[in-house]
Amino acid sequence: MGPSTPSRGCPGALGLMTALALLAAGCADDDPASQGPTSESEVTSDGSSTTDTDTDTDADADADADTGTLPVLPARCEAPPGLGAPQTIAEALALLNALPPPITVPCVVQSLDRPLAITATTSTISAQPAVDAGSPRIFIFSGPLILSIVPGGTGRDLLEFGEPRGELESLKGELEMPALQPIPAGKPFDHLRYNEQLTVCGFCHRDERLAVDQDHPNALISRALRPVDDRLVDLDDLRAEHAACAPDLEPERCAILSAVFDHGPVVEERFAEELGTIFDP
């Protein structure tokens with residue numbers, strides 16, 4: 001794996017009110033680093049589509065209903081060769097654009113190469129807040145690139161990115177899901193601007209400066225952060241939450257946990273200790 005240099009997830013249009021409300025509380029203490037229009041296909045809770053391209057049969061659906069188990073995400077969410085371990089935001093978009101629509105959070109997570117390296121936090125002081133230990137904010141380490149997701153709550157339709165720039169900074173971005181293809185290069189930055197001086201990420205991630213290699217005015221580099229230690233969720237505890245998840249009661253939450261745990265080995269990884277938290281000067 002590359003250096004564990006994360007990036008803070010940044011609120012988009014839907015998270016702006018949350019970000020402003022949280023500003024008074026001290027802003028976010030963790031770092032990762034779009035509910036957009038849907039396609040004409042109907043998006044199901046497990047990230048699959050009900051278009052004619054589905055391979056699931058009615059018999060399979062009946063069997064799933066009888067057993068009460070969440071269907072395994074279909075093979076359509078597999079990454080094409082060479083695309084399952086994106087190292088940059090641009091490479092992540094290449095993966096998303098190569099997946100059959102609709103592009104959902106569970107489908108993207110399933111498509112990532114294994115073993116899947118993650119860490120999770122119960123922090124709620126974030127624009128992509130955890131609900132609790134059962135639906136924590138989950139950071140996925142794809143080489144140096146950090147993605148973050150959450151199984152429930154206001155941030156469950158967000159896929160957030162943090163692309164390291166040096167040892168202690170990162171480029172932030174996010175997508176609202178489901179996302180329509182083709183996803184343009186600047187899409188992860190479209191909703192980040194707060195005012196002429198600041199993006200919404202800048203409330204927590206100080207020292208923003210323009211990423212000169214990106215052709216977008218909202219593509220800014222700023223301090224990277226790590227979660228505070230006393231908010232971390234043990235991997236075995238999160239795995240137990242997955243095992244106990246009831247898809248008939250919580251289909252969307254269970255679909256994301258299934259995408260994490262049901263498609264190959266999952267290991268725990270920590271952020272670099274050199275990174276500060278929101279409470280550090």
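Numbers below:
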read-out	value
Dimensionless Rg ratio for segment 127-281, taking C-alpha atoms and the 2.2 N^0.38 Å reference	1.09
Mean Cα-pair separation over length for segment 220-281, i.e. relative contact order, pairs under 8 Å, 6 or more apart, %	53
Sorted peptide list for 97-108, 228-239, criterion being average Cβ within 10 angstrom, highest first	97-108, 228-239
Orientation-averaged projected area, Cα convex hull of segment 67-162 (nm²)	6.8
Segment R270-D207, extension gain: residue separation times 0.36 nm, minus the distance between their alpha carbons	20.3 nm
Efficiency of FRET from Cβ geometry, D236 and A98, R₀ 30 Å, rounded to 0.05	0.35
Cβ-Cβ FRET estimate between D248 and F279, R0 fixed at 35 Å, reported to 0.05	0.30
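Here, each number is a calculation from the coordinates, and none is a lab measurement. Every value quoted in this text rests on a predicted model; they were computed, and no experiment measured them. Cβ atoms come from the backbone with ideal geometry, glycine included; neighbour counts cover every protein chain shown.
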